[in-house]
Every structure is written in structure tokens, then in C-alpha cells.
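Data first, discussion second: the structure below is written as C-alpha cells.
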Amino acid sequence: MVYVHFAEGFEEVEAVTIVDLLRRAAIDVKMVSIMEDKMVEGAHGMQIQADLLFEEADYDGCDMIVLPGGMPGALHLKNHEELGEKITEFALQGKALAAICAAPMVLDARGALTHKTATIYPGMQNELNMASYIDSGVVEDGNVITGKGPAYAIGFALVIIRKIKGDNAADEVAEGLLYKGIL
């Protein structure tokens, strides 16, 4: 099970792309709202109805936490104490974490990027205090995947698919999308 977390002000391109591609790969993925309602509005006015509220999610059955970026969505994710505790638990257990755009700052704030290489949205490098920043579209370092921003959403999602189901599954989804890559 993969949980993609939604907060008011999320980046629509990233969030929808991640969920869509994981579902194409037949990965069990749920959209989790950290807000008081399942209906969450993105940074550009798109409204998405999440599958679950944070309180309904079973993190014992979750294999990966995914955080889309966007502002102020990433700040809401960073300030959600219970989500932060789950991120810390996942990091300590070596379980998979993924964040794109501004959201790698959430992982960094919880110590999940300690001694890791990561990327983040341009101009936000100062938010990576525990990680070594690299100017790349998508970076995978052990149990953590980070992405630079919206233009890299497909590549980011494909790396998640590769991590969960292997190269063949990622290649099949990429081929179906006619994706040639900009990693």
C-alpha cells in the first residue's frame, strides 16, 4: 500500500500524476487527506476527493509515504505533527519515503534525509539541512526518492514504480505513456 498525502495547496500536476501512474502499474495506492475533510483544494484551484482522512489510514499496512509538493501544501504537510511522526518512524525502520518539489523539506525536517543525497525545487536548497543537495530531476538514495518539481512528476512516479514493482513494470507504464524521460 502506498499513501499519497494531500494538503490544501498541493501541486496538482505532481499529485495526480503520481496516483495515476501508480494505479496504471496496479499498485495499491490511496490518497490521504491531512485536512479535516476528504475534499482538498490544490494550489491552482483543482479539488480532489481523497480516499481517506489521515485518521483513517493504517500505516502498519503502508509500504511507502509519498508527499507531493506545492505551496502552501508542503508547509501544511511539514506542520502536521502526526504525519511527521509517521515519517520519522518510516525513516528509522528504513521504509520507503518519496517527496517532490517543495516536499523534500518535510522529510528533511523529520531527519529522513540525514546522510542522504536529495533534490528539491530550485531556490529551496536551504531547506535541506540534513541532506546533500544535487541538482537533478529525480534522486533515489536508499529508501528515499526525491524529485525536483512538476516537470519531473512522470519520472518521479516511474522511479517509485521501479522501486516497488521493478524495471519491467516501470518500463511498461513509460511505454504506454510514450515517455522517453527527462530524469
Among the residues that make up region 56-79, is at least one of them among the small types (Gly, Ala, Ser), in contact (Cβ under 8 Å) with a residue 24 or more places away in the chain, surrounded by fewer than 15 Cβ atoms within 10 Å (Cβ to Cβ) and at positive phi?
no
Condition check for ILE160: buried (at least 21 other Cβ atoms within 10 Å of the Cβ), modelled with pLDDT of 95 or more and either in contact with a strand residue (DSSP E or B) (Cβ under 8 Å, 6 or more places away or on another chain) or not hydrophobic (A, V, I, L, M, F, W, C) (or both):
yes
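Rundown of residues vs (1) under 14 Å from LEU77 (Cβ atoms); (2) out of contact with any Gly (no Cβ under 6 Å at 6 or more places or on another chain); (3) buried (at least 19 other Cβ atoms within 10 Å of the Cβ), yes/no style:
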| residue | (1), (2), (3) |
| --- | --- |
| LEU97 | yes, yes, yes |
| ALA103 | yes, no, yes |
| ALA118 | no, yes, yes |
| ASN126 | no, yes, no |
| ASN143 | no, no, no |
| GLY147 | no, yes, yes |
| ALA151 | no, yes, no |
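Can you give me the number of residues within region 148-181 that are within 17 Å of GLY70 (Cα to Cα) and out of contact with any Pro (no Cβ under 8 Å at 6 or more places or on another chain)? Explain how you work it out, then say what you get.
The initial filter retains those residues of region 148-181 that are within 17 Å of GLY70 (Cα to Cα), namely 148-154, 156-157.
Imposing the further condition that a residue be out of contact with any Pro (no Cβ under 8 Å at 6 or more places or on another chain) reduces the set to 150-154, 156-157.
Number satisfying all stated conditions: 7.
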Within 24 Å of TYR179 (Cα to Cα), surrounded by fewer than 24 Cβ atoms within 10 Å (Cβ to Cβ) and hydroxyl-bearing (Ser, Thr, Tyr) - does that describe any residue in region 8-27?
yes
Taking interchain pairs and intrachain pairs at least six residues apart, which have beta carbon atoms under 8 angstrom, with the first residue in region 154-183 and free of Cβ contacts under 8 Å to residues at least 60 places away in the same chain and the second hydroxyl-bearing (Ser, Thr, Tyr) and buried (at least 18 other Cβ atoms within 10 Å of the Cβ)?
ILE182/TYR152; LEU183/TYR152
Suppose we keep only residues that are of a type in the set (Val, Ile, Thr) and in a strand (DSSP E or B) within region 145-166. Which one would you say is farthest from VAL106 (Cα to Cα)?
ILE145
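If I ask for residues that are touching a Ser or Thr at 6+ places or on another chain (Cβ under 6 Å) and assigned to a loop (DSSP other than H, G, I, E, B), which ones from region 118-128 would you list?
Residues of region 118-128 that are touching a Ser or Thr at 6+ places or on another chain (Cβ under 6 Å), as a first pass: 118-119.
THR119 - this is the single residue of region 118-128 that is touching a Ser or Thr at 6+ places or on another chain (Cβ under 6 Å) and assigned to a loop (DSSP other than H, G, I, E, B).
The values are calculated or read from the model by the stated rules, or taken from the named source; none is laboratory data. Quick caveat, the model's predicted, so the values are computed rather than measured. Note that we place each Cβ from the backbone using ideal geometry, even for glycine, and neighbour counts take in every protein chain shown.
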